[in-house]
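Here the structure is laid out as C-alpha cells; the discussion comes afterwards.
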Amino acid sequence: MNESLASCPVVIDIPVAWGEMDALRHVNNIVYFRYFESARITYFEKLGLWEFMNQTGIGPILASIQCRFKIPLTYPDTVSVGTRIPRIEEDRFLMEYRAVSHKSQTIAAEGEGVIVSYNYRENKKTPLPEELKQRILALEESVTKGLQSPNNALLGSRTLGK
C-alpha cells in the first residue's frame, strides 16, 4: 500500500475508465467525487451503518464536500482511494479522502466531506449516536494504534493523528 494511505482504515482500488476522461484528455473533475463516494460508502459498510440505519432511522447525510486536485489522472491507471475520519463532533464528522495514482505513485487528489447525522424518520439533524461514534473510533484506531493512545481521544472534538 502507498505510504500516504497508511493512516486510512479504508482503502479501495478503482480502475480508471476510458470514458471518465474529458475533451482535455484527463479524468473529468466530477469523477473524483465519485471515487470519494465509493470510498465513503465502503467505509459506511465497514461500520455496519446500513443495518444501524434500518433499525434506528438515523444515518449519514453529506453536508459538504471539496477536492484539491494535485495531478491529472489518465487512462490507463488505477487509483487507490483512502478515507479516514479525523474529527467527530456532536452531530457530524469530518471525512478525509486521498486518491493515489498507481501509475505515478503520487497523490492525485485530496478532499474533505462533512457528514451530518440525520434522522430520516423525522427529517431532521440529530446527535450522532454513541454507538456509531464508538464504531468509528474502533475502525480509526485499527490503523492508529502505534500513532496515538486511546486516552488522547476527545469525543466532541476528536482529532486522530495523521
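Table for the structure above
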| item | result |
| --- | --- |
| With Cα atoms, 0 to 90° folded angle of helix 29-47 axis to the chain main axis | 40 degrees |
| FRET efficiency, 1/(1 + (r/R0)^6) with R0 45 Å, evaluated for Tyr75 and Ala138 via beta carbons | 0.75 |
| Cα long-axis angle, helix 130-144 against the chain (0 to 90 degrees, to the nearest 10) | 50 degrees |
| Residues of type aspartates and glutamates that Lys103 reaches as a straight line, Cα spacing below 13 Å, ignoring anything fewer than 8 places off in the same chain | Asp13, Asp77 |
| Estimated FRET transfer efficiency when R0 is 22 angstrom, pair Leu94-Asn123 (beta carbons, to 0.05) | 0.40 |
| Label assignment, log10 I(q)/I(0) by the Debye sum over Cα atoms at q = 0.09, 0.21 Å⁻¹ derived from the structure, set [x] -0.27, -1.68; [y] -0.31, -1.32; [z] -0.40, -1.41 | [y] |
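Since every read-out is calculated from the coordinates, none of them should be taken as a lab result. Here the structure is a predicted model, which means the values were calculated and not measured. Cβ sites come from the backbone with ideal geometry, for glycine too, and all protein chains shown count toward neighbours.
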